[in-house]
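The values are calculated or read from the model by the stated rules, or taken from the named source; none is laboratory data. Computed from a prediction, not measured in an experiment: that's the story for all the values here. Every residue, glycine as well, gets a Cβ built from its backbone with ideal geometry; the counts of neighbours run over all protein chains shown. Ligands, DNA and RNA are excluded from the accessible area calculation, which covers all protein heavy atoms including side chains. Shrake-Rupley method; radii C 1.70, N 1.55, O 1.52, S 1.80 Å.
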Amino acid sequence: MANLNSEIDKRRTFAIISHPDAGKTTLTEKLLLFGGAIHVAGAVKSNKIKKTATSDWMEIEKQRGISVATSVMGFNYGDYKINILDTPGHQDFAEDTFRTLTAVDSVIIVVDVAKGVEQQTRRLMEVCRMRHTPVIIFVNKLDREGRDPFDILDELESELQIKVRPLSWPINIGLNFKGVYNIFEGGLDLFTPDKQKVTERVEINDINDSIIDDTIGERDATKLRDDIELIEGVYPEFNVDDYLAGKVAPVFFGSALNTFGVKELLDCFVQIAPSPRPIQAIEREVKPQEEKFTGFVFKIHANMDPNHRSCIAFVKICSGVFQRNAPYKHVRHNKTLKFAAPTAFMAQKKDIVDEAYPGDIVGIPDSGNFKIGDTLTEGEELHFKGLPSFSPEMFKYIENTDPMKTKQLNKGIEQLMDEGVAQMFTNQFNGRKIIGTVGQLQFEVIQYRLLHEYGAQCRWEPISLYKACWIESDDKEALEAFKKRKYQFMAVDKEGRDVFLADSGYVLQMAQTDFPKIRFHFTSEF
C-alpha cells in the first residue's frame, strides 16, 4: 500500500490549454525537453528540411500547423512522473478539450503577451471553474513586443474571473527583454535567445543584492525593485491551498520558443500542483488510494498507426493499480475483458506497460468495445459522469461518391464517430446520414481522414438545420404523437436514441411550448 501512495504522490497529470497560436504545443515540447523525453525540440519526427512539433502527428496537423486531437505524453522529471495532455486550441475542436479536462488534476493556461486573453481561453476557464480545477498561467512570447505585464495581470483577473499572483517577473519586454526574476525561488534568470539551450541562472541573496545592478544595469534593477515592491504590496502572499482550491492562479512569464522561463514554471509546478485527486462517480466518490482498480475512457482515437486499422481507447486511471492481462469488468457491457497490450505514450511512440497508477493514462487497443465515458473496474458497478456530447451547431448530409467503397466509408464513419470528432444522425424520413459538428473545420478533417485512412471518398450536401436535441418523455403517447407530427425532422443517433432536428430557433421554441410532456436535452448526458 505504501508503494501505491508513493506512486500517487509522484504523479502530476495536467492539460495545457490556450487559444490557437499562443504557443501551447511549443511549451509542451520544451517541458518534454527538460524531462529528457526528447533531446532536440521538434525532433521526434525530424527530417533534414522540416521539423514539426512532437505532439502533432496526424498528417493533417502537420500540413496545417494546428493540433486537432488531444495528444497524451508521459515523462519523468526528477522524482516526479508527469503526464501532459496537449489539447487543440482551435475552437472547432473545443469538445475534445472539454472532455480532456475531465481527465486531468490541474491545468496550465498559455497566454500570448501581445494578444492577452482570447475568447477560447475564457470558455475553457469556465470549465475549469465549474470543476474547481487548479490553474497556473504562463504568459508567453516576452521576447516580442507586447503589453505591460501589469495590464496583462489586470486583464487575466477580469477576463478569467480568478485572482492571480505573479511568481516570476519580466525585466523589460520585446527587444530589451533581459530575463526574469524568480519570485517563487528568489533568483535571476538571464535571457539568451537560443531554442535548444537553457538560460543561465544568477544566484542572488535577495532583491537588493548588488549583483542585480551589475548584471542588468542600474536603471533596470531599480525598476525591477519598484515592480516587486508593488507586487508584494498589491497581491496577497502566495498560498498553495488557495491555488489548489482553484481560487488563485500563479502567473509565470517567459518565452517557450526560446526555452526561457519554462524550467521555473516546471519546478514550481511539480512542487505545488496536485497529485491525482478523488473523482466523483454517480454511485460514490472514488479515491486514488483505494486498492481496487477503476478507470474511465475519456477519448478514443482511430488509426494511431496508419498500417493497422485499429482504434485506441485512452483510459484515465482513477484508483488502484492497472495490471496488464488482469481481468477487468466493462461496466456498460457487463463483461470481463483482459488487455494484453496496454500502452503508454510519448506522442505516437508507445511502449507496452505492465502496470499503471492513478493519474496515468493508458491506451487500450479497441476493436469496437468502447465508447467515451465507459468505466472499467474490478467488478464494481460504477459510472463516471461528466463526459457529455454537446448538441452540434453545423450539419451536412454525408454522401458516398464511390459506391464500390461503401464498406470502407461506413467503417470509417463509425470509427471517427466513436472518437467523438462529430456526431451522426440517421434521418427517419429519408434514411440519409447527417453529420453534426461544432465547427466547419471538422468537416474537412473527416473528409481528409476518410480518404487517407480508409480509402473512402465522401461529399457533403447542404442541409439547413438549427439544432439537434435529444428528446424523451415518461408519457409514451405524447412521445409517439410528437414523432408523428415531426416525422420529417426525426432522427436517431448512434445509440438509437430519438433526436429532434429543429430547422430554426422558432420551431424549437414552439415545439417546447406545444409539447410540455417532452423533455428536450442539449447534451447527450441525461
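Some observations on this one:
- Over all other residues within a Cβ to Cβ distance under 14 Å of PRO250, the charged ones net out to -4, with Lys and Arg as +1 and Asp and Glu as -1.
- Legend: calculated FRET efficiency, SER367 to ILE228, from the Cβ-Cβ distance at R0 = 56 Å, rounded to 0.05, equals 0.45.
- FRET efficiency for LYS517 and ASN430, using Cβ-Cβ distance with R0 set to 22 Å, rounded to 0.05: 0.20
- For the peptides 223-230, 124-131, the ranking by mean Cβ contacts within 10 Å, running from highest to lowest, is 124-131, 223-230.
- Rounded, prolate or oblate (a/c below 1.5 giving rounded, otherwise prolate when a/b exceeds b/c) for region 370-526 by Cα gyration tensor: oblate
- Accessible surface, region 235-327, averaged per residue in Å² (probe 1.4 Å): 36 Å²
- Solvent-accessible area of HIS521 with every protein chain in place, 1.4 Å probe, in Å² to the nearest 10: 40 Å²
- LYS483-ARG219 FRET efficiency (beta carbon distance; Förster radius 56 Å; 0.05 resolution): 0.15
- GLN509 versus GLN119: modelled label distance in nm, points set 7 Å from Cα along the beta carbon direction: 2.2 nm
- By accessible area with a 1.4 Å probe, ligands and nucleic acids excluded, highest first: order of THR222, THR523: THR222, THR523
- Spin-label zone in region 109-138 - amide nitrogen under 17 Å from a point set 7 Å from the Cα of LYS247 along the C-beta vector: 129-136
- Segment ARG497-GLU291, extension gain: residue separation times 0.36 nm, minus the distance between their alpha carbons: 70.5 nm
- Taking all protein chains together, ASP366, ASP79 sort by accessible area into ASP79, ASP366, largest first [probe 1.4 Å].
- Summed residue charge, Cβ within 11 Å of ASP21's Cβ, Lys/Arg positive, Asp/Glu negative: +1
- Rounded, prolate or oblate (a/c below 1.5 giving rounded, otherwise prolate when a/b exceeds b/c) for region 456-510 by Cα gyration tensor: oblate
- In the structure shown, the pairs LYS411/LYS517; LYS115/LYS263; LYS335/LYS494; LYS24/LYS407 are assessed against 29 Å; a Cα-Cα span above that value is assigned to LYS411/LYS517; LYS24/LYS407.
- A 1.4 Å probe, protein heavy atoms only, puts the accessible area of ASP475 near 50 Å².
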